[in-house]
Structures are given as structure tokens and as C-alpha cells.
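Have a look at the structure below before the remarks.
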Amino acid sequence: MAAQKDLYDAIVIGAGIQGCFTAYHLAKHRKRVLLLEQFLLPHSRGSSHGQSRIIRKAYPQDFYTQMMHECYQMWAQLEREAGTQLHRQTGLLLLGMKENQELKTIQAILSREGVQHQCLSSEELKQRFPDIRLTRGEVGLLDKFGGILYADKALRALQDVLGQLGGMVCDGEKVVEINPGLPVTVKTTSRSYRAKSLVITAGPWTNQLLRPLGIELPLQTLRINVCYWRQMAPRSYGVSQAFPCFLALGLSSHHIYGLPEGEYPELMKVSYHHGNHADPEERDCPTAHAESQDIEILKRFVRDYLPDLKPEPAIIEHCMYTNTPDEHFILDHHPKYDNIVIGAGFSGHGFKLAPVVGKILYELSMKLTPSYDLAPFRISRFSSLGKAHL
């Protein structure tokens with residue numbers, strides 16, 4: 001097929017939640033945008049599939065809490081535009097020991113940012129959430145506006161609205177070559193496209209696209225077990241029983257999180273916020289020993305803290321994390337080509353923040369002044385590691 005002659009204002013590579021929100025903001029500002037996706041949509045190969053994600057303002061970094069103020073507004077705006085519910089407020093319970101420094105930091109930030117929250121002593125926790133067994137005198141911090149995002153529904157709604165705004169989505173087109181310049185040329189398995197700017201939001205495939213452009217970022221791709229556990233007493237851990245999402249801090253090597261029953265009847269999602277190194281092309285080929293270690297950690301947690309769940313996962317699904325060393329995002333221009341913008345390293349906590357991430361990537365691609373301080377997200381913070389290099 002002959003190369004397409006039309007010039008786009010921007011091409012976005014990767015139709016996960018970050019790429020979709022970037023394209024959405026471009027289209028909203030009347031930019032001619034093309035969103036490319038290597039797989040046929042919908043798919044479960046990346047980091048944006050599945051039915052649910054936690055949404056919260058509770059963070060140990062104030063810049064994320066500040067970004068979340070606007071994220072909540074944008075999620076609500078998307079709900080109005082799509083005419084469908086994408087979010088349910090359940091509250092988010094942070095669970096940990098009283099002396100846990102991360103818990104203290106989060107509480108201080110919520111207070112400073114004026115976010116409604118409640119500190120719960122062990123006794124108050126037992127009264128409020130009797131289906132959680134406290135083994136060591138744990139305390140709680142309740143982010144009252146925490147809740148559940150309906151991830152699959154949100155992604156579909158966003159893609160629909162993007163189409164209504166005039167954005168073009170081409171799925172089943174894998175990018176095989178990027179030729180930098182003004183304009184930048186992107187060749188796929190089907191054809192070539194040209195644009196004034198390029199945004200790369202390719203998740204685990206980011207470095208495959210960046211290496212030929214002379215840069216490699218310190219990204220680690222992890223295969224995550226997403227586990228669902230059967231309730232022994234019906235609806236003990238359901239939204240109908242006012243059971244919240246939770247995040248356990250410092251009770252294992254990495255955070256453990258849970259969402260009340262909703263995706264599958266009688267099942268609650270409880271998962272480990274960590275995984276094992278995986279090639280994204282081979283994510284369905286697990287390393288059995290490492291996988292079983294993570295499951296054993298979860299079994300112990302369920303047995304100790306959630307006595308009304310059977311301590312054996314009923315369903316195990318998988319997704320990919322793309323982590324940076326500090327688990328903060330990368331939102332920046334390519335060091336050499338300033339019309340190429342990179343959004344990467346969302347480290348398993350980017351979905352809820354995607355509305356603002358997309359806005360920032362739109363601003364960078366259009367050379368506008370960013371709405372937020374991007375110091376925590378610059379590529380240059382890794383220079384001392386010798387891993388992000390030209």
C-alpha cells in the first residue's frame with residue numbers, strides 16, 4: 001500500500017490507558033491524532049486490561065496526591081461524556097503497624113492536602129471491619145474517597161469518545177521503524193505515517209522502540225499474578241457489606257492489595273504488588289518456582305488477615321508491570337529528538353493517574369508549558385545509574 005501522505009499533528013504508539021488519554025486530550029484540543037496499537041483491540045497482553053483498578057488520593061508522595069485531585073474530575077467528566085458509570089466509591093483502607101513510616105507519611109500528606117480521611121486504632125478497626133483479623137495490633141487509615149475504577153469499561157468508553165472527537169485508532173499495526181525528524185515517520189506492518197510529533201506509550205515494549213533511537217531506559221517488565229479468592233461466608237467482603245478496597249503496608253516484602261467482591265460472584269481480588277521478570281513476548285510462559293513463591297505469600301496473608309476467604313486462589317490471571325527503579329513514571333522528551341515524547345514506567349500504579357498523565361503528554365507533544373512540575377518524572381534522574389543513555 002502506498003505511504004499515507006497526510007500529516008498528523010501527533011501519532012501515539014500504544015492504545016493502553018495512557019496512550020488513549022493522551023490521544024483523547026489531543027483530539028479534545030482539535031489536533032489531528034492517530035493512535036496505533038500492535039494488537040487487535042481489546043487485548044490482554046499489556047497493563048490496561050482487567051475489570052478493576054483501585055483509585056485513591058492516599059500516596060506517600062504529595063505530587064501524586066496533587067495530580068489525583070484533577071484525575072477525579074477528569075474521570076467524572078469521562079463518565080458524563082460516555083454516559084456510563086466508571087467508578088464506585090468504597091473507601092480505601094490502608095493497613096499497617098502504627099510505627100510504619102509510609103503510613104505516617106501518607107496521613108501527613110492527606111492532612112496537608114485537605115483530603116478527607118480517618119485514622120483507626122486497632123479497636124476501631126475491629127469494630128468497623130470485623131471480617132479483618134488483626135494479628136499484631138495493626139492500625140488503619142481510611143481514604144474516604146478511595147474506590148474502584150471499572151478498567152475495561154473505562155478503556156472502551158475512552159476509545160469510543162476518542163472516535164467521536166475525530167481521533168483515528170488503527171489496531172493490529174505493529175510499529176517496525178521510527179524515522180526521527182520534522183516530520184517524524186512511523187512505519188508499521190501495514191503502511192507509513194507522518195506526524196509533527198510522536199508520543200510513545202508502549203508499556204513493556206518501550207525499549208524495543210527506543211533502542212533504534214539511541215536510548216535505553218532502566219525499565220523492568222514484570223509478570224504479575226492477579227488472584228481471586230472464594231468467600232466462605234457469602235458477601236462478607238462485598239461492596240454491599242461496605243467492605244473497602246485495602247492496601248497492606250509493611251506486612252510483607254511488597255504491598256498487598258485487595259478489592260471487594262465484584263468482578264466474579266463470591267470472589268474477592270487480593271494480589272501482590274510485585275512479580276517476576278518476564279519478556280512481554282513470552283508473558284504466558286511463567287517461571288513456576290518464582291510464581292509459587294508469590295502465591296504462598298498471598299496464601300499466608302489471606303489465612304492470617306481474611307479468615308472468611310478460602311486460602312487458595314480460585315482464579316489466577318496475569319498482567320504486566322513496567323517498573324522504573326524508583327517506581328515513578330517517565331514523562332519527558334527524548335533527549336535528542338524534542339518532538340518525540342515518552343510516557344513509560346507506570347510501575348503498576350498508573351491507571352488511576354492516566355487522565356493527568358495524558359494531559360501532560362499532550363502538553364509535552366505540543367510544546368506547551370506542563371501543568372505540573374515534571375522533576376520527579378525526568379529521564380535525567382537516572383543519569384547516575386548509567387542506564388538511561390544515548
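The values are calculated or read from the model by the stated rules, or taken from the named source; none is laboratory data. All of these numbers come straight from a predicted model, not from anything done at the bench. Ideal geometry is used to build each Cβ from the backbone, glycine not excepted, and the neighbour counts take in all protein chains shown. For accessibility, only protein heavy atoms count, side chains too; no ligands or nucleic acids. Shrake-Rupley method; radii C 1.70, N 1.55, O 1.52, S 1.80 Å.
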_I need the full set of residues from region 126-151 which are without any contact (Cβ under 8 Å) to a residue 60 or more places away in the chain and within 18 Å of ALA58 (Cα to Cα), in order please._
VAL139, GLY140, LYS144
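May I ask you to verify whether VAL176 is open to solvent by 10 Å² or more (accessible area, probe 1.4 Å), in a strand (DSSP E or B) and β-branched (Val, Ile, Thr)?
yes
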*Return the total of residues in region 47-77 being closer than 19 Å to GLN159 by Cα and in contact with a Ser or Thr (Cβ under 9 Å, 6 or more places away or on another chain).*
2
*Name the one entry in ASP326, ASP338, ASP373 that is among the charged types (D, E, K, R), touching a Phe, Trp or Tyr at 6+ places or on another chain (Cβ under 8 Å) and either more than 14 Å from PHE63 (Cα to Cα) or at pLDDT 95 or above (or both).*
ASP373
_Long-range neighbours under 6 Å by Cβ, at least six apart or interchain, first residue under 15 Å from LEU95 (Cα atoms) within region 54-65, second not in a strand (DSSP E or B)_ = ARG56/GLY146; ALA58/ILE106; TYR59/THR65; PRO60/GLU102; PRO60/THR105; PRO60/ILE106
*Would you please list the contacts, defined by Cβ atoms under 7 Å and residues six or more apart or on different chains, that run from a residue in region 161-185 that is assigned by the TED database to the domain that holds GLY14 and over 16 Å from ASP9 (Cα atoms) to a residue that is part of a loop (DSSP other than H, G, I, E, B) and open to solvent by 60 Å² or more (accessible area, probe 1.4 Å)?*
ASP171/LEU40; GLY172/LEU40; GLU173/THR189; LYS174/THR189; VAL176/THR189
_Among the residues of region 207-227, are any over 30 Å from ILE13 (Cα atoms), touching a Pro at 6+ places or on another chain (Cβ under 8 Å) and surrounded by fewer than 21 Cβ atoms within 10 Å (Cβ to Cβ)?_
no
*What pairs come up if the first residue lies in region 84-110 and is within 22 Å of TYR237 (Cα to Cα), the second is outside any loop (DSSP other than H, G, I, E, B) and open to solvent by 60 Å² or more (accessible area, probe 1.4 Å), and their beta carbons are under 6 Å apart, counting only those six or more places apart or on different chains?*
LEU86/LYS153
*Being in contact with a Pro (Cβ under 7 Å, 6 or more places away or on another chain) and either β-branched (Val, Ile, Thr) or closer than 26 Å to VAL239 by Cα (or both), is that true of even one residue in region 162-170?*
no
*Can you pull out the residues in region 188-206 that are buried (at least 16 other Cβ atoms within 10 Å of the Cβ) and of a type in the set (D, E, K, R)?*
ARG194, LYS196
*Please state which of the following conditions PRO376 fails to meet, knowing it meets all the rest: (1) open to solvent by 50 Å² or more (accessible area, probe 1.4 Å); (2) over 29 Å from CYS227 (Cα atoms).*
(1)
*asked:* Name the single residue that is surrounded by the fewest Cβ atoms within 10 Å (Cβ to Cβ) among those in region 150-173 being touching a Ser or Thr at 6+ places or on another chain (Cβ under 7 Å) and of a type in the set (D, E, K, R).
replied: LYS153
*asked:* Looking at region 36-52, can you tell me whether even one residue there is part of a helix (DSSP H, G or I) and at pLDDT 95 or above?
replied: no
